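Here, each number is a calculation from the coordinates, and none is a lab measurement. Computed from a predicted model, the values in this text were never measured in an experiment. Neighbour counts run over all protein chains shown; Cβ positions are idealised from the backbone, glycine included.
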Amino acid sequence: MTAGVVGLTLLGAAVRWRFLDQPMRYDEAYNYLNFSSHSPGYIVTHYVPNNHVLHTLMVWAVSRVFGTTPAALRLPAFVAGLLLIPATAWFGWRLTRRRAVALLSALAVCRSSALIEYAANVRGYSLLRLSTVIVPLTSWSIFFPALRIQRTIILRLAAVRALLARWAKV
């Protein structure tokens with residue numbers, strides 16, 4: 001199963017990579033000019049509907065390291081979009097304990113046109129989708145302690161997840 005999920009993630013990366021350098025859309029440019037180009041202090045104090053704070057902070061950091069090309073500004077969404085593929089496979093496996101469900105779930109995310117677009121967009125939608133999958137996975141681990149992972153580690157991850165989810169607008 002692991003090889004299949006890795007293969008689908010690499011396929012998803014190849015598909016999404018092609019769209020990273022397309023021209024900026026209005027909402028992407030608006031987000032960068034009005035939020036990501038300002039200081040982190042400004043970003044966290046301007047909590048408005050168009051500002052996904054956690055994602056905007058990531059874009060700010062990436063723009064300082066890699067510059068302000070469309071591909072560079074889209075890196076946080078691209079990475080979140082790629083992580084969504086194995087996270088969805090994990091979620092499918094946790095629900096059913098069936099490899100086929102995990103692989104089909106990963107395949108669905110890998111080839112979803114909406115999720116491909118989100119991964120090539122300077123907005124927090126990919127991060128939001130990733131959080132949507134991670135939240136039940138960490139919550140599940142709290143309520144079903146039969147896992148081998150220590151409960152305190154899961155509780156700490158859940159607390160961090162809850163704080164970050166607030167900024168990611170989950």
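For this structure, a couple of remarks:
- Length available on full extension from Tyr42 to Val65: 0.36 nm per residue minus the Cα-Cα distance, which gives 6.4 nm.
- Rg and Dmax over the alpha-carbon atoms of the range 1-139 stand at 15.7, 46 Å.
- Among 119-126, 29-36, 132-139, the order from most to least packed when residues are scored by Cβ within 10 Å on average: 119-126, 29-36, 132-139
- Spin-label model, Arg111/Leu137: points 7 Å from Cα along the beta carbon direction are separated by 2.2 nm.
- Within-12-Å neighbourhood charge of Leu104 [Cβ basis; K, R +1; D, E -1]: +3
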